[in-house]
Amino acid sequence: MQQLPPQPAYILHSRPFRDSSLILELLTPDFGRISCIAKGARRDKQRRQRALQPFSPLLVTLLGRHDLKTLGPLESAGQPAWLTGRAVYGGLYANELLVRLLPEGEGFLAIFAGYQQLLGALAGTSGEHSAELELPLRLFELNLLRSLGSCPDLAYSPRDHGAVRADAVYRLTAEDGFVPVVVPAGQALRSADFAGAHLLALAQLLNSAGEGERPPPPADALAAAKRLTRQLLQPLLGNRPLKSRELFRQVYSEG
């Protein structure tokens, strides 16, 4: 039986399989999203099942030649990210995005690193206020979209001599990315329109991710980021709603 090199991994999703096993969706740096069977995991409640929890860094060995691998020996690779309150739903949302959007078997080092950064940021919040989640979740979404090739360059406009200008307004288009538009004074922006200053702030934030503490962008730029990522994610996710988002709304009665 073929054995893959030991891999750092996080569990994104698990579901029962037969009488005593689990099928796991893992996130790894070299193989991206990968599925495996954890044989006997539901029976071995004292050790193995307790280790197979979300948001916990693992070192796993995967066996087999087919797409659905078998989980071999595993060990903890660090302290779990202890998420509380709203932060739990932020983590579940990120896990669901990765399961839905990542192709199986393709490594995305930037996505793996971004996921680790997200868990660290969520663990550093109190989990009591949704506003605490905005910056880490928007940064995670933008990094994910860029890594998948589904986010236009936030600082570039093909019809505005290349560079986005802070004093201009840009419309997101499927064909050309951000194109300049004229908005009459006093008229509200459309849902697909974005202030150049906001795009530049988000581009700077995304490009400086992982370089240490950085001042957060203005609140209105974060609001624009949420609007932008939802528009970019929608065609990738299709019409099937996100379970994590629905669960959050049921628990907290928030939109």
Going residue by residue through the range 220-243, is there one that turns out to be touching a helix residue (DSSP H, G or I) at 6+ places or on another chain (Cβ under 8 Å) and among the hydroxyl-bearing types (S, T, Y)? yes
Answer with yes or no whether Y252 is over 22 Å from L98 (Cα atoms), aromatic (F, W, Y) and open to solvent by less than 50 Å² (accessible area, probe 1.4 Å). no
Quick check: is even one residue across the range 144-162 more than 27 Å from L27 (Cα to Cα), part of a strand (DSSP E or B), open to solvent by less than 30 Å² (accessible area, probe 1.4 Å) and among the aromatic types (F, W, Y)? no
Suppose we filter G64, G72, G90 for residues that are open to solvent by less than 40 Å² (accessible area, probe 1.4 Å), closer than 22 Å to K243 by Cβ and not aliphatic (A, V, I, L, M); which single one remains? G90
Looking at the range 129-142, can you tell me whether even one residue there is farther than 16 Å from R227 by Cα, buried (at least 20 other Cβ atoms within 10 Å of the Cβ), out of contact with any Asp or Glu (no Cβ under 7 Å at 6 or more places or on another chain) and of a type in the set (A, V, I, L, M)? no
Being over 24 Å from Y115 (Cβ atoms), in a helix (DSSP H, G or I) and not basic (K, R) narrows D220, D167 down to just D220
Scan the range 95-114 residue by residue and report those that are farther than 16 Å from P29 by Cα and open to solvent by less than 30 Å² (accessible area, probe 1.4 Å). L97
The residue from P8, P29 that alone is under 12 Å from L74 (Cβ atoms), touching a residue at least 60 places away in the same chain (Cβ under 8 Å) and not aliphatic (A, V, I, L, M) is P8
For residues that are in contact (Cβ under 8 Å) with a residue 40 or more places away in the chain and not basic (K, R), scanning just the range 75-87, find the one that is surrounded by the most Cβ atoms within 10 Å (Cβ to Cβ). A87
Filter the range 225-240 down to residues that are within 12 Å of R100 (Cα to Cα) and open to solvent by less than 80 Å² (accessible area, probe 1.4 Å), then give me how many there are. 4
Matching residues, the range 163-217, being touching a helix residue (DSSP H, G or I) at 6+ places or on another chain (Cβ under 8 Å), open to solvent by 20 Å² or more (accessible area, probe 1.4 Å) and among the hydroxyl-bearing types (S, T, Y): S191
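The values are calculated or read from the model by the stated rules, or taken from the named source; none is laboratory data. Fair warning: this is a prediction, and the values are worked out from it, not measured in the lab. We place every Cβ from the backbone using ideal geometry, glycine too, and count neighbours over all the protein chains shown. In case anyone asks, the SASA skips ligands and DNA or RNA and just uses the protein heavy atoms, side chains included. Shrake-Rupley method; radii C 1.70, N 1.55, O 1.52, S 1.80 Å.
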